[in-house]
Amino acid sequence: MIGTVESSEHASAPVLAAYSYCEAVTGRQARNFAYGIRLLPAPKRRAMSALYAFSRRVDDIGDGALADDVKVTRLEETRTVLARIHEGAVDEDDTDPVAVALAHAARRFPIPLGGLDELIDGVQMDLRGETYETWDDLKVYCRCVAGAIGRLSLGVFGTEPGARGAERAPEYADTLGLALQLTNILRDVREDAEGGRTYLPADDLAKFGCSAGFSGPTPPVGSDFAGLVHFEVRRARALFAEGYRLLPLLDRRSGACVAAMAGIYRRLLDRIERDPEAVLRGRVSLPGREKAYVAVRGLSGLDARHVTRRAVRRRA
Ligand SMILES: CC(C)=CCC/C(C)=C/CC/C(C)=C/COP(=O)(O)OP(=O)(O)O
């Protein structure tokens, strides 16, 4: 079982205020993931909000308008905050509410905080303008910026006592992160191109005649853009299928949280598959009522049961 060191550590008023700050950040900014996080009981919801607020800060440094050298300095500052949390040097009087909340969450749950260093590594890869030749190369980046978030989240969720195969939970959480990140890369292909970033592997782009880039509302002339998108959608679906093996290992509400996060992104993938060029016209998104429907479905355990049935069939 993962997650046995949870203590009943009391949350003081300053710690609760720090968590409230992180929950407000999550409610405002996590347009998709907030639907899942809301399904958790308060201690896990607060811990996930602390993780989200810290990750948002790192991501915003990378995506913001600061000069690159300032971004490098700001990222190093976030590493220092992490190191201070590791050393137990952040207490409730600290002026940084995200650090206070994360330090408390890390005392309460076995969160592998090194995953946040990996996230910073990933954003530093962005700053260096790295591009990726192959899917194996891109996977290294995705593991840093998304697989790590899956593994960190698993520290909060824990696994069910006695769950068979629980030792593979970190691997499944990582894979689910990759599925989400590849979906995110497809959805944001034009926005990233306009920001001078290409994430899709160069050898895939070449195979479908798309090496010229995606800076406009229509595909590069002579390319098979739909072929490229369908190829990457199939890859993302295979990652979702593998990552969904995490669900039966979690308690009901953690499973619901993951099912909602992944379910919303899977529906984005469905939309992208139906109309690949939509990602060049604007940002593909789901209406709020559809996201709420996916979250309720997650709470009723439909996705977890589906995965369990498939796993049983596979073993038979
Ligand atoms: C086990 C488990 C919980 C796995 C999931 C891990 C996870 C949440 C990875 C996040 C990767 C991702 C696509 C971030 C984009 O965030 P964003 O804020 O830019 O997303 P948005 O643009 O869709 O709002």
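The values are calculated or read from the model by the stated rules, or taken from the named source; none is laboratory data. What you see is a predicted model, and the numbers here were worked out from it, not measured in a lab. Here the Cβ positions follow ideal geometry from the backbone for every residue, glycine too, while neighbour counts run over all protein chains shown. Each accessible area value is taken on the protein alone, full model and side chains, heavy atoms only, with ligands, DNA and RNA left out. Shrake-Rupley method; radii C 1.70, N 1.55, O 1.52, S 1.80 Å.
Just flag the trypsin sites (Lys or Arg not before Pro) in region 141-186 sitting in loop per DSSP whose Cβ has no more than 15 other Cβ atoms within 10 Å.
Details: sites: Arg143, Arg151, Arg164, Arg168; in loops: Arg164.
Passing both the DSSP loop test and the Cβ count: Arg164.
If packing is taken as the mean number of other Cβ atoms within 10 Å per residue, what is the order of 153-162, 108-117, highest first? Show your work: numbers first, answer last.
On the way: 153-162: 21.2, 108-117: 19.2.
Listed from highest to lowest mean packing, they are 153-162, 108-117.
Mean projected area of the convex hull spanned by the Cα atoms of region 35-128, taken over all viewing directions: 6.5 nm². Placing dummy labels 7 Å off each Cα toward the beta-carbon, the span from Arg271 to Asp59 is 1.6 nm.
Residue separation of Arg197 and Arg128 scaled by 0.36 nm, minus their Cα-Cα distance, works out to 23.8 nm of gained length.
Using 1/(1 + (r/R0)^6) with R0 = 30 angstrom and r between the beta carbons of Asp69 and Asp96, what's the FRET efficiency to the nearest 0.05? It would help to have the intermediate numbers written out before the result.
Details: r = 23 Å, r/R0 = 0.75.
So, using R0 = 30 Å, E works out to roughly 0.85.
Using Cβ point charges alone (K and R +1, D and E -1), the dipole size of the chain about the Cα centre works out to roughly 1960 debye.
Would you kindly work out the equivalent ellipsoid of region 174-261 from its C-alpha gyration tensor and give its semi-axes, the square roots of five times the eigenvalues, largest first in whole Å?
Numbers: eigenvalues 191, 35, 17 Å².
Equivalent-ellipsoid dimensions as semi-axes: 31, 13, 9 Å.
Backbone phi angles across region 267-281, fed through the Karplus curve with coefficients 6.51, -1.76 and 1.60 (θ = phi - 60°), yield HN-Hα couplings of 5, 4, 4, 4, 4, 5, 5, 5, 9, x, 6, 4, 6, 8, 8 Hz in residue order; Gly and Pro are listed as x.
Normalised radius of gyration for the chain, please: alpha carbon Rg relative to 2.2 N^0.38 Å, two decimal places. Kindly include the intermediate steps, with their values, before the conclusion.
Values: Rg = 19.6 Å, N = 316, 2.2 N^0.38 = 19.6 Å.
Compactness ratio reported: 1.00.
Against the compact-protein benchmark of 2.2 N^0.38 Å, the Cα-based radius of gyration of region 137-195 scales to 1.34. Between Ala295, Ala11, Ala173, the residue with the greatest mean-square fluctuation in the GNM of the chain (Cα pairs under 10 Å linked by springs) is Ala11. The residues of the chain expose, per residue, 45 Å² of accessible area to a 1.4 Å probe.
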